[in-house]
Amino acid sequence: MCRDDDLYTGCTGDLTERLGRHERGEVPATASRLPLRLVWHCVFPDKYVTFRFERYLKQGSGRAFLWKHILERRKGKYEALSGT
C-alpha cells in the first residue's frame, strides 16, 4: 500500500530485497508515493505462475478478486482480511 492509499502489485524472488529497494526510493513506480506498507503477499513455486497471477491482479477481475477474498477497507486504510 502506498502513501496515497493506492495498491501496488508486483512480484519478486526476494521480498526483503524488493521492499528495501522500494523504501530507498529505487523503484520508479513507488518512489514518489513512499512510505509503503505491505498488506498481503503470497508465494508460488513457479515464477511463470507468479507472473500470470500478477498480471491477473492488475486487471479488473483481479482487483475484484483482491477485494472479495483478500482486502477490506478499515477506517480509510486497506487491510488484509482475517485468516488470509
* Asked: Got a sec? Which helices (runs of 4 or more DSSP H) wholly within segment 1-72 have at least 2 residues that are hydroxyl-bearing (Ser, Thr, Tyr)?
  -> 47-57
* Kindly indicate which of LEU7, LEU34, LEU15, LEU38 is in contact with a Leu (Cβ under 7 Å, 6 or more places away or on another chain) and surrounded by 11 or more Cβ atoms within 10 Å (Cβ to Cβ). => LEU38
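Any read-out appearing in this document is the output of simple, stated calculations on the displayed coordinates, not a laboratory observation. Here the structure is a predicted model, which is why all the values come from computation and not from measurement. Note: ideal-geometry Cβ built from the backbone for every residue, glycine included; neighbour counts use all protein chains shown.
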